[in-house]
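Data block below; observations after.
The values are calculated or read from the model by the stated rules, or taken from the named source; none is laboratory data. Note that this is a predicted model, so its numbers are computed, not measured. Positions of Cβ are backbone-derived with ideal geometry, glycine not excepted, and every protein chain shown enters the neighbour counts. Please note that ligands, DNA and RNA were not included when accessible areas were found on the heavy atoms of the full protein model with its side chains. Shrake-Rupley method; radii C 1.70, N 1.55, O 1.52, S 1.80 Å.
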Amino acid sequence: MAASLRLWSLKPARILRCPVASGSSSGAAAGSGQQPQLEKLTSARQLDGIRHVILNNPKKRNVLSLSMLKCLRDDILHDIESQALRVIIISAEGPVFSAGHDLKELSSEQDTKHHIEVFETCAEVMTLLQKLPVPVIAKVNGLATAAGCQLVASCDIAVASEKSRFATPGVNIGLFCSTPAVAVGRALSRKVALEMLFTGEPISAHDALLHGLLSRVVPEDKLEEETMKIARKICETSRSVVALGKATFYKQMALDLDAAYRMTSQVMVDNLTLKDGQEGIEAFIQKRKPTWSHSVNTACK
């Protein structure tokens with residue numbers, strides 16, 4: 001089998017525990033030798049093939065602290081190879097989707113080693129989203145700034161309510177949003193991205209849609225319905241075909257035109273060897289609904 005059929009394969013992930021110590025009990029625990037009281041900064045649930053991952057620290061504006069990033073990584077990688085998982089939706093509690101990095105972690109109180117870990121972990125999570133074998137949808141209902149905006153830009157699909165806003169305001173506090181610019185600069189046109197980066201001014205959801213950061217903007221009371229409509233439609237397709245298509249899309253975007261066509265032409269030939277590739281064609285010819293196996297196995301000859 002051609003190597004392209006393995007494009008979406010993930011190396012075994014090192015899953016880290018994501019709970020962190022709560023401030024109210026950590027001192028007592030340290031003095032008693034007991035484990036500190038733990039809280040989880042994200043929550044996750046899965047139903048009918050759709051995993052909902054929720055940033056759940058609204059009191060701190062869902063900042064992407066090191067602990068939050070590890071929670072997010074844990075939740076999106078959990079049982080990722082299961083055929084039952086078809087879509088991941090990332091949303092947030094409270095009026096702020098995410099305010100980006102926790103600036104207390106980036107102060108001089110923390111050493112350079114810690115700063116490096118924060119940004120390396122963030123980059124790992126952002127790039128991981130595009131390497132997953134299932135589509136990832138950002139469901140945004142509020143403000144997304146800096147690394148929070150980066151998270152939205154890094155997802156495959158992004159649906160936002162009309163009240164949502166997006167910004168990369170680091171320049172205003174002396175910390176240019178260079179890592180958010182990687183994702184934002186690839187999602188928006190260069191001049192729009194640079195205006196956001198140079199001024200720190202937020203853009204509306206409708207402007208974000210116009211310039212490519214979002215897939216869809218809907219009224220707040222329709223956000224859940226419209227996001228689930230997309231997720232359920234994806235669930236009607238073959239997991240193995242979508243996984244191959246997603247991996248191929250991101251890989252060919254980094255190639256020049258001729259190389260992209262050479263690579264994708266071979267992938268389409270490989271796609272035809274999948275059981276679900278042949279099942280879909282046969283179902284279309286026979287005018288019936290396909291029965292997907294979601295398997296990466298090849299069709300029997």
Of the residues in segment 276-301 that are in a loop (DSSP other than H, G, I, E, B) and of a type in the set (Val, Ile, Thr), the one that is surrounded by the fewest Cβ atoms within 10 Å (Cβ to Cβ) is 291
_Could you go through segment 96-105 and let me know if any residue there is among the β-branched types (Val, Ile, Thr), touching a Lys or Arg at 6+ places or on another chain (Cβ under 8 Å), in contact (Cβ under 8 Å) with a residue 60 or more places away in the chain and not in a helix (DSSP H, G or I)._
no
Counting only helices (runs of 4 or more DSSP H) wholly inside segment 148-262, the ones holding at least 2 residues that are of a type in the set (D, E, K, R), open to solvent by 40 Å² or more (accessible area, probe 1.4 Å) and free of Cβ contacts under 8 Å to residues at least 40 places away in the same chain are 190-199, 223-235
